[in-house]
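Below you'll find the structure, written out as structure tokens, and then a few comments.
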Amino acid sequence: GAVVSQHPSRVICKSGTSVKIECRSLDFQATTMFWYRQFPKQSLMLMATSNEGSKATYEQGVEKDKFLINHASLTLSTLTVTSAHPEDSSFYICSARGPGEPYNEQFFGPGTRLTVL
Amino acid sequence: GQQLNQSPQSMFIQEGEDVSMNCTSSSIFNTWLWYKQDPGEGPVLLIALYKAGELTSNGRLTAQFGITRKDSFLNISASIPSDVGIYFCAGPANNTDKLIFGTGTRLQVFP
């Protein structure tokens, strides 16, 4: 149980284009999902918290107009990187809060490697 | 803000050896989570700890929740090549459901 998927697993795009990444909870409903970014040889950094049916909350320093998050259903959250630039190249990972208690276990997707040329 | 520091930063060991790593913070955490991340993959939850002093095992892995609530330890016994990866500790920030991740310990196992 508690499986989270991400799509695509890898994407290469030109500078200035927008990229959408999907995060799905496959066998449970997730009212809360989280988006992280991980640069090479670094730890995971939380970007934003995605809440079903409401606006996402962003961490300090993360541009909400650049990283659009939509959590339209209990099993799907999307992250759109708008007008991507090379410095946005990174490993993007989503997670979902597990069903029931304890509430703070998070289950992670396999990640999406974004390369902006 | 809250930070989690892990040591050692990296380890190079021979197959069959036992491994110990730790995670420390200057502030108190009420939950400690240990994750393993393989290259190019998302983290996988290994062990969750919820009580100070708690000792929990998952196969060859054993983790402990420090009495002070400011640290946690992860031990791996009889390491095997598939133990290779990065081990992260994590805890909820300021009693929220947001997780703070540690700096990571990179483990290499040689046959």
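The values are calculated or read from the model by the stated rules, or taken from the named source; none is laboratory data. Here the structure is a predicted model, which is why all the values come from computation and not from measurement. Methodologically, a virtual Cβ is constructed for each residue, glycine included, from the backbone with ideal geometry; neighbour enumeration extends over all protein chains shown. To get the accessible areas, we keep the full protein, side chains included, count just its heavy atoms, and leave off ligands, DNA and RNA. Shrake-Rupley method; radii C 1.70, N 1.55, O 1.52, S 1.80 Å.
Tally time: how many residues in segment A:1-53 are touching a Pro at 6+ places or on another chain (Cβ under 6 Å) and more than 12 Å from chain B (Cβ to nearest Cβ)?
The number of residues fulfilling the criteria is 1.
Residues considered: B:13, B:86, B:80. Of these, the only one that is open to solvent by 10 Å² or more (accessible area, probe 1.4 Å), within 12 Å of the chain's Cα centre (by Cα) and at pLDDT 95 or above is B:86.
Name the single residue, out of those in segment A:94-117 being more than 8 Å from every other protein chain (Cβ to nearest Cβ), part of a loop (DSSP other than H, G, I, E, B) and buried (at least 16 other Cβ atoms within 10 Å of the Cβ), that is modelled with the lowest pLDDT. Checking each candidate, the answer is A:99.
Within the option set B:30, B:75, B:22, being more than 22 Å from residue B:11 (Cα to Cα) and not aliphatic (A, V, I, L, M) holds for one residue only, B:30. Kindly indicate the residue of segment A:54-67 that is touching a Leu at 6+ places or on another chain (Cβ under 9 Å) and not aliphatic (A, V, I, L, M) and also nearest to the other protein chains (Cβ to nearest Cβ) among those meeting that condition. Taking the candidates together, the pick is A:59.
Could you go through segment A:68-84 and let me know if any residue there is within 12 Å of chain B (Cβ to nearest Cβ) and either open to solvent by 30 Å² or more (accessible area, probe 1.4 Å) or not in a loop (DSSP other than H, G, I, E, B) (or both). Looking for residues that are within 12 Å of chain B (Cβ to nearest Cβ) and either open to solvent by 30 Å² or more (accessible area, probe 1.4 Å) or not in a loop (DSSP other than H, G, I, E, B) (or both), one finds none in segment A:68-84, hence no.
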